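Accompanying notes for the structure given below.
The values are calculated or read from the model by the stated rules, or taken from the named source; none is laboratory data. Since the structure is predicted, the reported quantities are computational estimates derived from the model, not experimental observations. Here the Cβ is made from the backbone with ideal geometry for all residues, glycine too, and neighbour counts use every protein chain on show.
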Amino acid sequence: MDREDILPVLYDLVATIGSEISVKPLLTRTLQRLLYHTSFSAGFICLEIPPCKNHEGQVEVRLDAAVGDFDLTGELGKPIYLPCELICREAVRETDQAALLSSLRCTHTQYKAYLRLPIDHRGVIVLLAAEIPETNLPLTTMLQPVLAHLARAIMLCGNNDAYTSGLVTQRNLLEKVFESSYSGVMITDAGQRIIEVNPAFTRITGYLPDEAIGRNPHLLASGRHDHDYYREMWDDIEHSGHWEGEIWNRRKNGEVYPSWLNINPVRDNNGTLIYYVGMFSDISKRKEAEAQIHQLAFYDQLTELPNRRLLLERLQQAFSVGARSGQHGAVLFLDLDNFKTLNDTKGHDIGDQLLAEVARRLNTCVRDGDTVARLGGDEFVVVLDSLSQISDEAAAQADMVAEKIRDILSQPYRLGNHAHHTTPSIGVVLFRGHQQTLDDVLKHADTAMYQAKTAGRNTIRFYDPLMQAAIEARADLEEELRHALEREQLCLHFQIQVDSQYRPLGAEALLRWQHPDRGLISPAQFVPLAEETGLIVPIGLWVLRTACALLKSWQGDATTRDLTLAVNVSAKQFRNPDFVAQVQRTLLETGAKPALLKLELTESIVLENVGDTIAKMRELKLLGVSFSMDDFGTGYSSLQYLKRLPLDQIKIDQSFVRDIVKDANDAAIVQTIIAMSEVLGLNVIAEGVETEEQRVFLDLRGCHAFQGYLFGKPVPARDFEERLKMQLPVQSLV
């Protein structure tokens, strides 16, 4: 190379170096130009040579670029071991070059010359040749400005590579996020044309990228949102730069689904809008879970009607509506008559079917804005709002709905293979605004429903404050009755039973409640209450044990040892599976003679389950216990069943005895009962005998046993025994 050619060479090298922005192409092209201009046949570059040597005294470097005929068996980027002198020495004698190069490993050619070009502090370029090039120019010196420029270019390109590598890494990360995101991503241009979607978009919507790109996002519209909805959405995006919310979209297959959508506009550095990015997720499962939780929290599972919690919310809303409008509302409290009997006889599955059908029928009786709720069991509540402002008219409107409900609920039900009839008892209370509390309204409606029950069922009753006072008094009495037995407030009185000659035959044990504050409470008040609450079972067992203990004490006295003692048995007590065992155990523990114990059963007890009744009666008759049918003639006795029952006595109810002398119908009924008893071989006794005329009438027609005020009122055991021992006339016991 001539000296006059060196400037174009330097210019070419500088232009080559300055045109690159990345280290690898910079080094490759620089080597190519050096080899071309220096006639060297091959070469490689080694940068940032480490200061350490390997065990053979060679410097370990990494081959970053190789061009021309330079032939190494190592792959690009693999470690290459170079003699230290080749890298570090400024020059060697010509005779030493061949020996030095011959020690270079992994070569297929014996190199005889090299040119070492240091690149400032960045490393060194080594050019190798098979023959020594013919040149007289001091290339090392002349190329120093270019090599210094190369050093600066390496530093700049290295920094650029690092920056570019970060951008590539960030881009790759964003691509992975875009591709793997579970949320759908949709990018549109400023004209709202889709330009990119991710795989989740296709999974959620069903649209392939080719089917979506180029189209307006409106292809996902469900049709459930009006123009104002979308206008408000774009207003938010325009003013706040963001929109987020729940929206209904439509899949490619036409299915509408709920989605949670985020929309963000993207602008360049000048603030010009270039893209919209929308990210959305399918929230169908979440909505289903929320709906299920709401259903469980606010609705009855069996009937799907609102439960008590939701009922109170709806009732509060109705209060607020009434307060604003001045209109009345009404609460109807419903209870199905004899529902427990259906459950007990047909099973809970049939009972559930009935409740579900009742719920369906109730919904047909009310307006869309009204509420039908189930409180539990067979209790339902209907809330009517927006009735008349005039109370009488509002009451008439509520009564009309109640009558409609009563009529439709009284229609026959087909439950599986069974036909069933039931009726409702309905209590109604009016309300307006917040003049009453929620609890009071519901309590008053319940009170009215209870009054409908006591009025004979299948009845509608409106709330009356006097009725409420009676209910509250009844509740107080029930609470005190629960403690009456343990506080020894209960006692027995005894009413004598006599024959035609006024001779004592026995007595009936009658329960009394001697309250410390209320005084003697009538059995008509507390016995029905004990029946309803179930307290009659422990009370009845106490009566039986007390009566048998008295019988035992009577057996040691000649005056009383032959007297029988009649004990009333309640339905719940008799139906107790342990009733027979309880009587047996009581007789054994007290030592009373079974033959002197007479159990009085009502018609409803003996005819409810005739088979079970007969079995229990026969077991007890084997012990010697006798049975009397109490209040005979007031029920619906069947002679078919009556002749099968192991009865000993029939008691004529006092309702027939009262007017027996002056009422021909009562007289005929009593004569029929006496005649029937004779045919069946049963004794007969009349209760409620208060006059001598009544006694004579009965005695002449064949009834020779009596009980009533004519012979004595019920008295405590001590008074009863003292009068018998004094051998006073029976009339003196009155």
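Quick notes on this structure:
- For the residues Glu600, Glu589, the requirement of being touching a residue at least 24 places away in the same chain (Cβ under 8 Å), surrounded by fewer than 21 Cβ atoms within 10 Å (Cβ to Cβ) and part of a helix (DSSP H, G or I) singles out Glu589.
- Counting only residues that are in contact with a strand residue (DSSP E or B) (Cβ under 8 Å, 6 or more places away or on another chain), surrounded by fewer than 20 Cβ atoms within 10 Å (Cβ to Cβ) and either in a loop (DSSP other than H, G, I, E, B) or of a type in the set (Ser, Thr, Tyr) (or both), segment 269-283 holds 3 of them.
- Neighbours by Cβ (under 7 Å, 6+ apart or cross-chain): first from segment 715-727, closer than 16 Å to Lys552 by Cβ; second part of a helix (DSSP H, G or I): Ala717/Leu550
- Val382 being modelled with pLDDT of 95 or more and under 16 Å from Glu304 (Cβ atoms): yes
- Test for Leu150: is it under 30 Å from Leu31 (Cα atoms), modelled with pLDDT of 80 or more and not assigned by TED's automatic domain parsing to the domain that holds Trp234: yes
- Taken as a whole, segment 678-685 holds no residue that is in contact with a strand residue (DSSP E or B) (Cβ under 9 Å, 6 or more places away or on another chain), closer than 19 Å to Leu505 by Cβ and small (Gly, Ala, Ser).
- Qualifying residue in segment 539-554 (condition: touching a residue at least 40 places away in the same chain (Cβ under 8 Å) and in a strand (DSSP E or B)): no
- Looking only at segment 456-505, residues that are assigned by TED's automatic domain parsing to the domain that holds Ala705 and on the phi > 0 side of the Ramachandran plot come to 2 in all.
- Any hit, segment 407-426, residues being free of Cβ contacts under 8 Å to residues at least 40 places away in the same chain, assigned by TED's automatic domain parsing to the domain that holds Thr341, surrounded by fewer than 21 Cβ atoms within 10 Å (Cβ to Cβ) and part of a helix (DSSP H, G or I): yes
- Elements of type helices (runs of 4 or more DSSP H) in segment 295-381, at least 2 residues being surrounded by 13 or more Cβ atoms within 10 Å (Cβ to Cβ), touching a helix residue (DSSP H, G or I) at 6+ places or on another chain (Cβ under 6 Å) and in contact (Cβ under 8 Å) with a residue 60 or more places away in the chain: 308-325
- Qualifying residue in segment 463-486 (condition: at pLDDT 90 or above, polar (S, T, N, Q) and either outside any helix (DSSP H, G or I) or surrounded by 13 or more Cβ atoms within 10 Å (Cβ to Cβ) (or both)): no
- Options Val266, Val197: the member that is touching a residue at least 12 places away in the same chain (Cβ under 8 Å) and in contact with a strand residue (DSSP E or B) (Cβ under 9 Å, 6 or more places away or on another chain): Val197
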